[in-house]
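What follows is a short report on a single structure.
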Amino acid sequence: MFRRLALFGLLVLSISAVSAQKIIYQTDASTDAITSLKIEGDATGMNWLVRTDGTQYAWIGNQFQWGTLRNLDGSEVQGLSCKVTRRYEGNDLVETYIIRNTSHANIDLSQIQIYTPWNDNYPDANTCRTLRCNAHVWAAERCTYTYAIRMGGKGPHMGMMLEEGSIGGYAISERGMDKGASNTRGIISLIPENFTLMPGRVYMLRWRIFSFDNEEDFFNKMVAKGGVRVRADKYVAKMDENINVQISTRERTWTETYPIRQTGEQRIEINGGKGRRTHIEVFGLLSIEQLLESRAQYIMDYQQFKDAGSEFYGAYLPYDRSSSKMVQNWKADKKRSDMNAGRERLGMGIFMALYAQFAKKHPGDCYIDQHFLSVSIDLYAKFVRQLQSDSYTTYSSPHRNDKVRIYNYPWVSHFYCEMFKLTQEKQFLVDAYRTQMAQFRDGGFNFYAIDIPAVELCKLLSDNAMEHESDSLLSNYRQLADRYVSNGLHFPKFEVNYEQSIVAPAFEFLCEIYLLTREERYLNCAKEMLPALEAFNGHQPSCHLNEIAIRHWDGFWFGLPQTWGDTFPHYWSCITAQGFAKYAECTGDARYRQRAKDCLLGNLLLFDSQGFGSCAFQYPNYVNGKSARFANPCANDQDWALVYLLMLKDSVF
């Protein structure tokens, strides 16, 4: 069962200790805007900003320079002037923006944006490791900050904290298939808080840019420089649970307690003293058991195709809530691989098989009709068999006319494992084994697949008189792990040049192979990858951001409508949760068990009390000039979050 949701504690991350270093900047002689931010003594010479002269990206010109004011749609601002002054305080760069209304009308400052083009993009793993950053933004009134972590995880890093003025949100621009597609986060900008600037009046923003050694060092320095750090013991809580919020300033540290009295997302206002207003974002739920049950019921009622005359009979399909229709992709004029009946949608089937096991073990807490649940899963299992040839080549559609995608193999194999555990029908175990062997036959030795059920399948085979098969499979797993060890931090490109869901599966798989073999080289390689994996995760005081990895394309590829921009949360963050849980098992470091738990809980925001699940939450206030911050109305592939929750419930809850 799911016990108390969280424990309060400090985060201690893998770090590389360096001394504080000076911020070095360069400006454009014609605009006086900053074009380069570097850290003195940094051997890599990294520019922490995207180049705004068209040489890094042809579509990024000087209109996107640091500190430039634009309307939210990207057009030029009318009626405002902006004077920028800069000075050094020690090694820190302090910028002050004096914004004056030069028109004869009131101007709403919440309709403009200020560009902060952090160099957050993915050319390739080697470049990313030393010359790119994961920019963790917290747009929270007077206590706004961004801490940019070098993607390899090793310092020095660069951060920014607001000292005067107020920021109400942030925006992402310059995203599109013709603008780097999934391989760039776009241009990040800050949006002033809602404020009406009258004619002739001025508004001041001031921020400080400084270097830091590691994440904890950033927060310590921010507080020492006059900022406010706010953090909670949990960001997702059950009804009537308390959330304890710790507030740290240069003057003192104190704790405030807030009870959760309603479900859904809630904003708690925080007063840090001396005009330092801010907030945290939390989420209330009735219970995890209720959420799981309502989601399983919703899939049966709305997302299972029930035309017995179709080859798609029994399939779990995406559902478009905006039109109240199942997505029958095979009938569409323009077919989308991210909407078909296979691929990531297999997560629905794995969740249903896991939930059926959970319901059997806890009948007193599950009111779902288990007969109808069993019928639904059996129909789906028959459909999944149609995705495979007699030799276990695995496709994304029962038509079997699409290209072979290696990601599909471990997902089908995992489904068969859960079906065997649910039914004890040995054919499912045989199918799981043969699917995994086919994965390696069809190219799996050169692929960083997600959710390879290494420990589980080897154990199931050994426990059921299939030791030879277990040994054969482990031999292949070793070869794959050896490839990961050989590559080390030189991660290959796949559907995205570099991303969390390349690093996290490799890290998690190496931990699993260590657990199977106890060979230190596999764990040592995982430890080498850990800083890069941790660098993706943020720790801002929000249920959307705490222990959630940066991802920014999934709303486009899996959504209706297709929307680029930061997806906080997105369920593939849970690969990191699984990796952290396995790492805790390998090392005994309980901190990673807690971090896994926090990540799993954060992904529950994707589900509502009626059982609908959103494929992604578009977190920025604006993307490409259009209002965002919404849960995508397409229920597609988000059930992987519940798969990981059920897989890890006994080890992290």
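Condition (residue is open to solvent by 10 Å² or more (accessible area, probe 1.4 Å), more than 24 Å from the chain's Cα centre (by Cα), closer than 30 Å to Ser376 by Cβ and not aromatic (Phe, Trp, Tyr)) applied to the stretch 209-227: is it met by at least one residue? For the stretch 209-227, residues open to solvent by 10 Å² or more (accessible area, probe 1.4 Å), more than 24 Å from the chain's Cα centre (by Cα), closer than 30 Å to Ser376 by Cβ and not aromatic (Phe, Trp, Tyr): absent. Taking the numbered list (1) in a loop (DSSP other than H, G, I, E, B); (2) under 29 Å from the mean Cα position of the chain (by Cα); (3) surrounded by 12 or more Cβ atoms within 10 Å (Cβ to Cβ) in turn, Gly45 passes all entries but (3).
Going through the stretch 624-648 one residue at a time, which ones are in contact with a strand residue (DSSP E or B) (Cβ under 7 Å, 6 or more places away or on another chain) and open to solvent by 10 Å² or more (accessible area, probe 1.4 Å)? Spell out the reasoning first.
Kept after step one, since they are in contact with a strand residue (DSSP E or B) (Cβ under 7 Å, 6 or more places away or on another chain), are these residues of the stretch 624-648: 624-625, 628-635, 638-639.
Passing the criteria: Asn624, Gly625, Ala628, Arg629, Phe630, Ala631, Pro633.
Take the conditions at pLDDT 95 or above, in contact with a Leu (Cβ under 6 Å, 6 or more places away or on another chain) and closer than 17 Å to Ile406 by Cα and apply them to Val455. Does it pass? Explain how you work it out, then say what you get.
On the way: at pLDDT 95 or above: yes; in contact with a Leu (Cβ under 6 Å, 6 or more places away or on another chain): yes; closer than 17 Å to Ile406 by Cα: no.
Considered against the rule, which asks whether it is at pLDDT 95 or above, in contact with a Leu (Cβ under 6 Å, 6 or more places away or on another chain) and closer than 17 Å to Ile406 by Cα, Val455 comes out as no.
Only residues that are surrounded by fewer than 21 Cβ atoms within 10 Å (Cβ to Cβ) and of a type in the set (D, E, K, R) were counted across the stretch 175-197, and they come to 3. Within the stretch 557-591, restricting attention to residues that are among the charged types (D, E, K, R) and either in contact with a strand residue (DSSP E or B) (Cβ under 8 Å, 6 or more places away or on another chain) or assigned to a helix (DSSP H, G or I) (or both), the residue that is nearest to Asp320 (Cα to Cα) is Asp566.
Only one of Leu515, Leu489 is touching an Asp or Glu at 6+ places or on another chain (Cβ under 7 Å) and in a loop (DSSP other than H, G, I, E, B); which? Result of the check over Leu515, Leu489: Leu489.
Give the stretch 292-342 a look and list any residue that's part of a helix (DSSP H, G or I), acidic (Asp, Glu) and over 27 Å from the mean Cα position of the chain (by Cα), or say none. Give the derivation first.
Taking the stretch 292-342 as the starting set, the residues that turn out to be part of a helix (DSSP H, G or I) are 292-302, 329-331, 337-339.
When the remaining residues are screened for being acidic (Asp, Glu), the result is 293, 301, 338.
Answer for the stretch 292-342, where residues must be part of a helix (DSSP H, G or I), acidic (Asp, Glu) and over 27 Å from the mean Cα position of the chain (by Cα): just Asp301.
Could you list, in sequence order, the residues of the stretch 64-107 that are exposed (fewer than 15 other Cβ atoms within 10 Å of the Cβ) and within 24 Å of Thr146 (Cα to Cα)? Correct list: Asn71, Asp73, Lys83, Thr85, Arg86, Arg87, Tyr88, Glu89, Gly90, Ile98.
Restricting attention to the stretch 23-35, the residues being assigned to a strand (DSSP E or B) and open to solvent by 10 Å² or more (accessible area, probe 1.4 Å) number 5.
Would you pick out the residues in the stretch 615-653 that are part of a helix (DSSP H, G or I) and under 17 Å from the mean Cα position of the chain (by Cα)? Steps first, please.
Step one: of the stretch 615-653, the residues part of a helix (DSSP H, G or I) are 640-652.
Of everything in the stretch 615-653, those that are part of a helix (DSSP H, G or I) and under 17 Å from the mean Cα position of the chain (by Cα) turn out to be Trp640, Ala641, Leu642, Val643, Tyr644, Leu645.
Gln594 meets the stated requirement of being in a helix (DSSP H, G or I), among the polar types (S, T, N, Q), in contact with a Gly (Cβ under 9 Å, 6 or more places away or on another chain) and open to solvent by 10 Å² or more (accessible area, probe 1.4 Å). Among the criteria (1) within 30 Å of Gly180 (Cβ to Cβ); (2) open to solvent by 30 Å² or more (accessible area, probe 1.4 Å), the one Met158 does not fulfil is (2).
Condition check ((1) free of Cβ contacts under 8 Å to residues at least 12 places away in the same chain; (2) open to solvent by 20 Å² or more (accessible area, probe 1.4 Å); (3) among the aromatic types (Phe, Trp, Tyr)) across all residues:
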{"position": "Asp333", "(1), (2), (3)": "yes, yes, no"}
{"position": "Arg345", "(1), (2), (3)": "no, no, no"}
{"position": "Phe358", "(1), (2), (3)": "no, no, yes"}
{"position": "Ala381", "(1), (2), (3)": "no, no, no"}
{"position": "Leu387", "(1), (2), (3)": "no, no, no"}
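Do you know which residues across the stretch 472-520 are on the phi > 0 side of the Ramachandran plot and either modelled with pLDDT under 95 or of a type in the set (Lys, Arg) (or both)? Passing the criteria: only Arg518.
For every residue, the table says whether it meets (1) in contact with a helix residue (DSSP H, G or I) (Cβ under 6 Å, 6 or more places away or on another chain); (2) touching a residue at least 60 places away in the same chain (Cβ under 8 Å); (3) assigned to a helix (DSSP H, G or I); (4) surrounded by 17 or more Cβ atoms within 10 Å (Cβ to Cβ).
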position: Leu373; (1), (2), (3), (4): yes, yes, yes, yes
position: Tyr392; (1), (2), (3), (4): yes, no, no, yes
position: Arg400; (1), (2), (3), (4): no, no, no, no
position: Lys403; (1), (2), (3), (4): no, no, no, no
position: Tyr409; (1), (2), (3), (4): yes, no, yes, yes
position: Gln427; (1), (2), (3), (4): no, no, yes, no
position: Val430; (1), (2), (3), (4): no, no, yes, no
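Please go through the stretch 432-451 and pick out each residue that is in a helix (DSSP H, G or I) and not β-branched (Val, Ile, Thr). Once the filter is applied, which keeps residues that are in a helix (DSSP H, G or I) and not β-branched (Val, Ile, Thr), the stretch 432-451 yields Ala432, Tyr433, Arg434, Gln436, Met437, Ala438, Gln439, Phe440, Arg441, Gly444, Phe445, Asn446.
Conditions tested, residue by residue: (1) touching a Cys at 6+ places or on another chain (Cβ under 7 Å); (2) among the hydrophobic types (A, V, I, L, M, F, W, C); (3) touching a residue at least 60 places away in the same chain (Cβ under 8 Å).
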site: Gly443; (1), (2), (3): no, no, no
site: Asn446; (1), (2), (3): no, no, no
site: Ala454; (1), (2), (3): no, yes, yes
site: Leu460; (1), (2), (3): yes, yes, no
site: Met466; (1), (2), (3): no, yes, no
site: Leu474; (1), (2), (3): yes, yes, no
site: Ala481; (1), (2), (3): no, yes, no
site: Lys493; (1), (2), (3): no, no, yes
site: Tyr498; (1), (2), (3): yes, no, yes
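Test Leu286 against the stated conditions and say whether it is hydrophobic (A, V, I, L, M, F, W, C), open to solvent by less than 20 Å² (accessible area, probe 1.4 Å) and out of contact with any Asp or Glu (no Cβ under 6 Å at 6 or more places or on another chain). No, not satisfied. Look at the stretch 233-260: where a residue is touching a residue at least 12 places away in the same chain (Cβ under 8 Å) and open to solvent by 40 Å² or more (accessible area, probe 1.4 Å) and a partner is part of a strand (DSSP E or B) and of a type in the set (D, E, K, R), sitting 6+ places away or on another chain with Cβ atoms under 8 Å, you get Asn244/Glu256. When we screen Asp566, Asp554 for residues that are open to solvent by less than 10 Å² (accessible area, probe 1.4 Å) and in contact with a Pro (Cβ under 6 Å, 6 or more places away or on another chain), the only hit is Asp566.
The values are calculated or read from the model by the stated rules, or taken from the named source; none is laboratory data. The shown structure was predicted, so the numbers you read here are calculated from the model rather than taken from an experiment. Heads up, the Cβs are rebuilt from the backbone with ideal geometry, glycines too, and the neighbour counts pull from every protein chain shown. Areas reflect the complete protein model, heavy atoms only, side chains present, ligands, DNA and RNA absent. Shrake-Rupley method; radii C 1.70, N 1.55, O 1.52, S 1.80 Å.
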